[in-house]
Amino acid sequence: MCIRDRFESLKLPSIDMKDEKQISEEQLIDITKNCFLEIAEYMKQKNTSALALYKDVITKKKIGNTEIDVLTPLDFLNGLRKLGIDDLQSPDYTCLIKVLSMKDAERHIQVSDIVQLLEDYGVIEVTSEEQELIGEFRYEELDKISAVVMLGLAEYLKRNGITTESLFGAVEYKQGIEVDGKKLKVELINSKDFFAVLNSIGIFAEEEAHKNLKAFLALDPSHPDKILAKKLKKRIEEFSCNEELRIHAQSCYQELIAEEKLHDAQKSSQ
């Protein structure tokens, strides 16, 4: 889901600031994006996440028959101070608090909203069960084509200012699975749909799925045609941020070009 969709799902009103000028929806979207982009960068630097940062101050609030996790605005800001963000009195952060706050008397902030918005900027919350499914990242498992495709996908998202979820959201679906006796509901993408999206944006021109990349992103060996959405997000983030990995993929690209030129030269000489 893109930032605009998340914004609309919160049913946010227009907000009056101190100068009594009305802030437009577009401005609210930009403010929210900029603030969460900064928060995400600080979290990546500290190697933390929203649930880890706020684990000691999250409380439960009952809405109807459902309990949700919430924060007070003060606890939210204190967490940002721990990250090292020191411009919390700026109009942008004042506006962000109003955007995130619920309509209850305490103006609580719903933790799931923070988590979902941060995921748009690469801070992926992963439970221990999900981490077991995702596994450790070993780029030596990727062949040259897979490495180039993953880097190309990461660059495409960055260049166009969109998220993994906004690109693949239309083909994601939820399914219950069991991990070590625990039932989980996870978001999946059929590999056929994944490669169709890559084809539509010009990242992968082949009609058939690339077997190595398909296996690399698969939920597990027993589900070769299902891609775990969080695993995809984590791997894309790694290609976005890991300079060694980026250099490796760029080297793979150069090698593939050289191999193609050699093949063409040999073919023309026959």
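Being part of a loop (DSSP other than H, G, I, E, B) and under 18 Å from GLN116 (Cβ atoms) is a property that LYS61 lacks.
All told, ALA209 meets the bar of being modelled with pLDDT under 90 and surrounded by 16 or more Cβ atoms within 10 Å (Cβ to Cβ). With respect to (1) farther than 24 Å from TYR121 by Cβ; (2) of a type in the set (Phe, Trp, Tyr); (3) surrounded by fewer than 18 Cβ atoms within 10 Å (Cβ to Cβ), the lone exception for PHE204 is condition (3).
If you go through region 212-254 and keep only what is among the acidic types (Asp, Glu) and crowded, with 17+ Cβ neighbours inside 10 Å, you end up with just GLU237.
Of the residues making up region 45-77, those that are open to solvent by 40 Å² or more (accessible area, probe 1.4 Å), within 21 Å of ASN34 (Cα to Cα) and among the aliphatic types (A, V, I, L, M) are LEU51, LEU74. Is it fair to say VAL70 is part of a loop (DSSP other than H, G, I, E, B), more than 25 Å from SER166 (Cα to Cα) and either of a type in the set (A, V, I, L, M, F, W, C) or touching a Gly at 6+ places or on another chain (Cβ under 6 Å) (or both)? In short, no. Kindly provide the set of residues from region 78-99 that are open to solvent by less than 50 Å² (accessible area, probe 1.4 Å), closer than 17 Å to LYS33 by Cα, without any contact (Cβ under 8 Å) to a residue 60 or more places away in the chain and not hydroxyl-bearing (Ser, Thr, Tyr), ordered by number. Listed by number, the residues that qualify are LEU80, ILE85, LEU88, ILE97. Can you tell me which residue is nearest to GLU25 (Cα to Cα) among those in region 100-113 that are within 23 Å of the chain's Cα centre (by Cα) and surrounded by 15 or more Cβ atoms within 10 Å (Cβ to Cβ)? If we take residues in region 100-113 being within 23 Å of the chain's Cα centre (by Cα) and surrounded by 15 or more Cβ atoms within 10 Å (Cβ to Cβ), then LEU100 is nearest to GLU25 (Cα to Cα).
Of the residues making up region 121-162, just one is open to solvent by less than 20 Å² (accessible area, probe 1.4 Å), touching a Phe, Trp or Tyr at 6+ places or on another chain (Cβ under 8 Å) and outside any helix (DSSP H, G or I), namely LEU142. For the residues LYS267, LYS182, LYS214, LYS226, the requirement of being under 19 Å from the mean Cα position of the chain (by Cα) and either at positive phi or among the basic types (Lys, Arg) (or both) singles out LYS226. Of the residues in region 182-201, not one is over 22 Å from ILE124 (Cα atoms), modelled with pLDDT under 90, open to solvent by 20 Å² or more (accessible area, probe 1.4 Å) and touching a helix residue (DSSP H, G or I) at 6+ places or on another chain (Cβ under 8 Å).
The values are calculated or read from the model by the stated rules, or taken from the named source; none is laboratory data. No experiment lies behind these values; they were computed from the predicted model shown. Using ideal geometry, Cβ is built from the backbone for each residue, glycine included, and neighbour counts are taken over all protein chains shown. Note: areas computed on protein heavy atoms with side chains; ligands, DNA, RNA excluded. Shrake-Rupley method; radii C 1.70, N 1.55, O 1.52, S 1.80 Å.
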